[in-house]
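Visitor: Pasting in a structure now, in structure tokens, and then I'll have a few things to ask.
Readers should treat all values here as calculations from the given coordinates under stated rules, not as data from a laboratory. Fair warning: this is a prediction, and the values are worked out from it, not measured in the lab. All Cβ positions, glycine included, derive from the backbone under ideal geometry; neighbour counts span all protein chains shown.
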Amino acid sequence: MKLDIVTIFPEYFAPLDVSLLGKARRAGLLDVRVHDLRQWTHDRHRTVDDTPYGGGPGMVMKPEPWGEALDAIAPPGGPVPRLIVPTPSGRPFTQATAVELAEEDWLVFACGRYEGIDARVVDEARTRMPVDEVSLGDFVLAGGEVAVLAIVEAVGRLLPGVLGNADSVADDSFAPGAMESLLEGPVYTKPPVWRGRAVPEILLSGNHGAIARWRRDQALRRTVRNRPELAARLDPATLDAQDRRV
Ligand code: ADE
């Protein structure tokens with residue numbers, strides 16, 4: 001998968017050399033290019049922002065550098081990427097979004113700063129490529145960079161060959177399938193007793209059916225406690241069907 005990231009802070013993306021994604025890059029599974037938006041400015045101060053029309057606080061990112069950046073990265077008439085613009089005003093980014101994006105060959109990310117990017121940039125981009133404005137949640141970051149890191153990690157770990165064990169993706173909280181809409185329950189490793197706390201005995205029983213039922217019960221409890229709104233949406237028929245399976 002090819003990723004182009006446009007930002008005024010390329011340094012933010014150093015973590016993409018580390019751990020799982022760093023390994024995926026070195027293995028050639030992820031081709032990431034980070035571009036400094038200021039290379040598409042032409043004034044002495046390399047200006048990327050200006051005051052908002054209509055007044056109001058803060059600054060708005062100017063359309064010209066963004067237009068040039070998108071034309072340079074995805075020349076009109078050539079192959080078409082999907083453009084992702086993180087913004088608190090976007091549609092919620094969920095595991096389903098990550099799964100959908102993991103199917104794409106080429107993603108371009110536009111990291112906004114300040115009060116956002118002049119709206120004409122997205123309007124124009126939509127005439128020649130699919131565009132998703134996505135939000136990581138109901139909070140405001142200082143810019144899109146940290147959101148892009150999160151999205152790239154969520155998408156990257158779904159790509160074939162990136163995770164050692166494909167099963168760990170199937171078990172994720174929010175993963176489509178068996179545990180749909182349940183949060184993951186608690187996990188344990190050795191030693192069997194730590195600071196007087198024993199690992200739940202059932203996990204040492206070797207009874208795989210009983211273990212699967214216990215795990216689902218724990219997942220359900222955690223969902224009710226931490227995400228009551230998710231628990232309320234659970235379909236009793238689906239849960240019953242899963243009970244019969246495990
Ligand atoms: N940029 C600033 N805040 C954001 C958020 N909550 N999600 C995505 N991008 C953002």
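Visitor: Treat each spin label as a single point 7 Å out from the Cα along the C-beta direction, and report the Val140 to Glu153 distance in nm.
Guide: It works out to 2.4 nm between the two label points.
Visitor: Taking chymotrypsin sites (Phe, Trp or Tyr not before Pro) as candidate sites, keep only those in a DSSP loop with at most 13 other Cβ atoms within 10 Å, then name the longest stretch of the chain containing none of them.
Guide: Formally, the longest exposed-site-free interval is 54-138.
Visitor: Only counting other Cβ atoms within 10 Å, I'd like Val187, Val108, Val146 sorted with the fewest neighbours first. The partial results should precede the final answer.
Guide: On the way: Val187 9, Val108 24, Val146 14.
Listed from fewest to most nearby Cβ atoms, that is Val187, Val146, Val108.
Visitor: How much length, in nm to one decimal, is gained on full extension between Ser168 and Glu115, taken as 0.36 nm per residue of separation minus their Cα-Cα distance? Intermediate results must be reported in sequence, preceding the final value.
Guide: Working: separation 53, 0.36 × 53 = 19.08 nm, distance 3.80 nm.
Value of the extension gain: 15.3 nm.
Visitor: What is the helix-to-structure angle for 236-245, meaning the angle in degrees between its Cα long axis and the longest Cα principal axis of the chain, kept from 0 to 90 and rounded to the nearest 10?
Guide: Orientation of helix 236-245: about 60 degrees from the principal axis.
Visitor: If you don't mind, there's one more thing I want to ask. Of all DSSP beta bridges located in the chain, what percent are antiparallel, nearest 5? If you can, show how the numbers build up before the last one.
Guide: On the way: 5 of 26 bridges.
The antiparallel fraction comes to roughly 20 percent.
Visitor: If you don't mind, another one. Need one number: the % of Cα-Cα pairs in region 173-245 sitting beyond the 15 Å mark.
Guide: When all Cα pairs of region 173-245 are counted, 59 percent exceed 15 Å.
Visitor: Moving on to the next point. Val18 to Val99: extension gain in nm, 0.36 nm per residue of separation minus the Cα-Cα distance?
Guide: Once the chain is fully extended between Val18 and Val99, it gains 26.9 nm.
Visitor: So, in nm, how far is label Ala198 from label Asp240 when the simple model puts each one 7 Å beyond its Cα toward the Cβ?
Guide: Simple spin-label model gives 3.6 nm for this pair.
Visitor: Using a simple spin-label model with points 7 Å from Cα along the Cα→Cβ vector, what separation in nm is obtained for Arg33 and Val224?
Guide: In this crude label model, Arg33 to Val224 measures out at 5.3 nm.
Visitor: Right, here's the next one. Can you give the longest run of the chain that contains no trypsin sites (Lys or Arg not before Pro) sitting in a DSSP loop with at most 16 other Cβ atoms inside 10 Å? Intermediate values should be presented prior to the final figure.
Guide: Values: sites that count: Arg44, Arg46, Arg128, Arg195.
In the chain, the maximal stretch lacking such sites is 47-127.
Visitor: Can you tell me the orientation of helix 63-73 relative to the chain, as the angle in degrees between its alpha-carbon axis and the longest Cα principal axis, to the nearest 10?
Guide: 70
Visitor: So if I take the centroid of the Cα atoms in region 1-40 and the same for region 202-239, what is the distance between those two points in Å?
Guide: Each part's Cα centre sits 38 Å from the other's.
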